[in-house]
Amino acid sequence: MAGSIVFGEGNSVGLSTFQFNRIADIIRDAFLPGEEDLCAEVFSPFDEGAMNFISAVLLPADQYLIFCSVIERAYSASKESGHALIGELFWVRIFSAMVRDPRYPK
């Protein structure tokens, strides 16, 4: 079973189960104090629905931009820690989907 990061309708990144679980952990760890509600919203399909995806679909634009910052922090943390199993290609796919969303400033 694979997992996905869903940014919007028709805009997601599919990953293997292992890759998804690892990246989801890195993203979850990148939320800052005060961003707990946003984390709960994004991770609700995974945590409450036992589904293998996280979702930013219902986030308003301001919350979406915070989520984008979380992903950027997750990427930086991943690079700093040397997670060799999460290669650059996966992050490129995530960033590409992230910026395709109309809520992302152009």
Quiz item: Of all the residues that make up the stretch 48-91, how many are at pLDDT 95 or above, assigned to a helix (DSSP H, G or I) and either open to solvent by 40 Å² or more (accessible area, probe 1.4 Å) or out of contact with any Asp or Glu (no Cβ under 8 Å at 6 or more places or on another chain) (or both)?
Solution: 11
Quiz item: Which pairs have Cβ atoms under 7 Å, sit 6 or more apart or on different chains, and link a residue in the stretch 48-61 that is more than 16 Å from residue 25 (Cα to Cα) to one that is surrounded by fewer than 15 Cβ atoms within 10 Å (Cβ to Cβ)?
Solution: 57/9
Quiz item: So is residue 18 among the aromatic types (Phe, Trp, Tyr) and crowded, with 16+ Cβ neighbours inside 10 Å or not?
Solution: no
Practice problem: Could you tell me whether the stretch 20-31 includes any residue that is in contact (Cβ under 8 Å) with a residue 40 or more places away in the chain, part of a helix (DSSP H, G or I) and acidic (Asp, Glu)? | Solution: yes
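The values are calculated or read from the model by the stated rules, or taken from the named source; none is laboratory data. Fair warning: this is a prediction, and the values are worked out from it, not measured in the lab. When we count neighbours, we look across all protein chains shown, and the Cβ atoms used for this are built from the backbone with ideal geometry, even at glycine. Note: areas computed on protein heavy atoms with side chains; ligands, DNA, RNA excluded. Shrake-Rupley method; radii C 1.70, N 1.55, O 1.52, S 1.80 Å.
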